[in-house]
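Novice: First the structure, which I've put down as structure tokens, then a few questions once you've had a look.
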Amino acid sequence: MHSPAELDHYRNPRNQGELPDATASVEVSNPVCGDTLTLAVRVEHGRIAATRFRTRGCPPSIACSSVLTEMILGKTLPELEQITAEQVSQALGGLPPATKHASQLAEDALDALIDRLEPSGAAWRARRT
């Protein structure tokens with residue numbers, strides 16, 4: 001069962017596409033299901049000023065990617081570090097266990113982005129797990 005929020009983000013994805021002037025861009029994949037997420041951001045004055053994504057995968061992965069871009073827009077790096085897969089899932093009304101991999105893909109992309117934006121991000125990720 002898909003929530004109304006999940007269906008909305010799948011059918012009308014926000015911030016989908018390329019970001020030619022990106023400050024950082026990352027691509028992550030789920031080796032089990034094969035879903036991939038490319039996440040790009042432009043940082044201005046220490047905040048995420050623009051973000052875009054491209055996802056190849058199941059509807060929940062597309063919905064999670066879309067809602068993630070809304071969640072990170074305007075945020076600082078310390079604020080990004082607080083976003084979890086569970087928060088992504090909850091923003092979509094809660095994902096069923098069979099599709100939790102989609103919110104984990106979003107968190108993996110965010111972790112990779114933080115590492116790209118801040119080389120010491122790997123140390124932060126160790127604290128987060």
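The values are calculated or read from the model by the stated rules, or taken from the named source; none is laboratory data. Remember, predicted model here, so these are calculated numbers, not experimental data. Positions of Cβ are backbone-derived with ideal geometry, glycine not excepted, and every protein chain shown enters the neighbour counts. Calculation scope for accessible area: heavy atoms of the full protein, side chains included, ligands and nucleic acids excluded. Shrake-Rupley method; radii C 1.70, N 1.55, O 1.52, S 1.80 Å.
Novice: On average, how much accessible surface per residue is there in segment 1-77, in Å², for a 1.4 Å probe, leaving out ligands, DNA and RNA?
Specialist: 51 Å²
Novice: Percent of Cα-Cα pairs more than 18 Å apart in the chain, please.
Specialist: More than 18 Å apart: 47 percent of the Cα pairs in the chain.
Novice: Let's see if you can work this out: charge +1 on each Lys and Arg Cβ, -1 on each Asp and Glu Cβ, no other charges. What is the dipole magnitude of segment 57-117 about its Cα centre, in debye to the nearest 20?
Specialist: Taking the Cα centre of segment 57-117 as origin, the dipole is about 160 debye.
Novice: Counting only other residues whose beta carbon sits under 9 Å from that of residue 24, what net charge do I get with K and R as +1, D and E as -1?
Specialist: So the environment of residue 24 carries a net charge of +2.
Novice: With both bridge residues required to lie in segment 10-81, what share of the DSSP beta bridges run antiparallel, to the nearest 5%?
Specialist: Here the share of antiparallel DSSP bridges comes out near 95 percent.
Novice: For 2, 101, 45, give the ranking by accessible area with the largest first, probe 1.4 Å.
Specialist: Most to least solvent-accessible, the answer reads 45, 2, 101.
Novice: Oh, and also: Under a GNM of the chain (C-alpha, springs under 10 Å), which listed residue has the highest mean-square fluctuation: 112, 85, 49?
Specialist: 49
Novice: Using alpha carbon coordinates only, what is the Rg to Rh ratio of segment 29-81, with Rh defined as the Kirkwood radius?
Specialist: Expressed as Rg/Rh, it is 1.03.
Novice: Using mean Cβ contacts within 10 Å as the protection proxy, how do 64-74, 5-15, 21-31 order, highest first?
Specialist: With the highest mean Cβ count within 10 Å placed first, the list reads 64-74, 5-15, 21-31.
Novice: Working out 0.36 nm times the residue gap between residue 27 and residue 11, then minus their Cα-Cα distance, what length gain in nm do you get to one decimal?
Specialist: 3.5 nm
Novice: Can I get the semi-axes of segment 1-51's equivalent ellipsoid? Compute them from the C-alpha gyration tensor as square roots of 5 times the eigenvalues, in angstrom, largest first.
Specialist: 24, 17, 9
Novice: Given +1 on the Cβ of Lys and Arg, -1 on the Cβ of Asp and Glu, and no further charges, what dipole in debye does the chain carry about its Cα centre, rounded to the nearest 20?
Specialist: It comes to approximately 60 debye.
Novice: Right, another one. Given Cα pairs under 8 Å that are at least 6 residues apart, what percent is the relative contact order of the chain?
Specialist: Once divided by the residue count of the chain, the mean separation gives 28 percent.
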